[in-house]
1. Points 7 angstrom from Cα along the Cβ direction at THR50 and ARG8: gap in nanometres?
2. Name the long-range amide H neighbours of PHE32: under 5 Å, sequence gap of 5 or more, or other chain; modelled H, no Pro or chain starts.
3. On full extension of the chain, what length is gained from VAL65 through PHE15, given 0.36 nm per residue of separation minus the C-alpha to C-alpha distance?
4. By how many nm would the segment from ARG25 to ARG39 grow when fully extended, if each residue of separation counts as 0.36 nm and the alpha-carbon distance is taken off?
5. With θ set to phi - 60° and the Karplus curve 6.51 cos²θ - 1.76 cosθ + 1.60, what are the ³J(HN,Hα) couplings of region 38-47 in order, to the nearest whole Hz, using x for Gly and Pro?
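Where a number appears in this text, it was derived from the coordinates with a stated rule and is not lab data. What you are looking at is a predicted structure, and each value in this text was computed from that prediction instead of being measured. We place every Cβ from the backbone using ideal geometry, glycine too, and count neighbours over all the protein chains shown.
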Amino acid sequence: PLPMRNARCRDRASFEVSLQALVDRVIVPAGFEVVTASRVPYLCRGDSSTPYYVLDDALLVLKRVGGDDDDDESVPPLVSG
């Protein structure tokens, strides 16, 4: 499991606290840095009383730390030009 103790919804952590914990405890130790982050809506199927729920989600653009990204042939470019 992810090391998210005290940073989960059930811990009543804010979105910002949870995201910072994810970055500090998972993303950085895995060898990445955050280039940019956005808070985006996630629409979820509702129940008998609510047709849908709008939840918060994080969209992260990461960069591998310690590598020369220009010479990496294993990751194809998103846009060829």
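1. About 2.0 nm, to one decimal.
2. Excluding prolines and chain starts, which carry no amide H, the hits are VAL65.
3. Taking VAL65 through PHE15 to full extension adds about 15.5 nm, to one decimal.
4. 3.1 nm
5. So the J values, rounded to whole Hz, are 9, 9, 10, x, 10, 8, 10, 4, x, 9.
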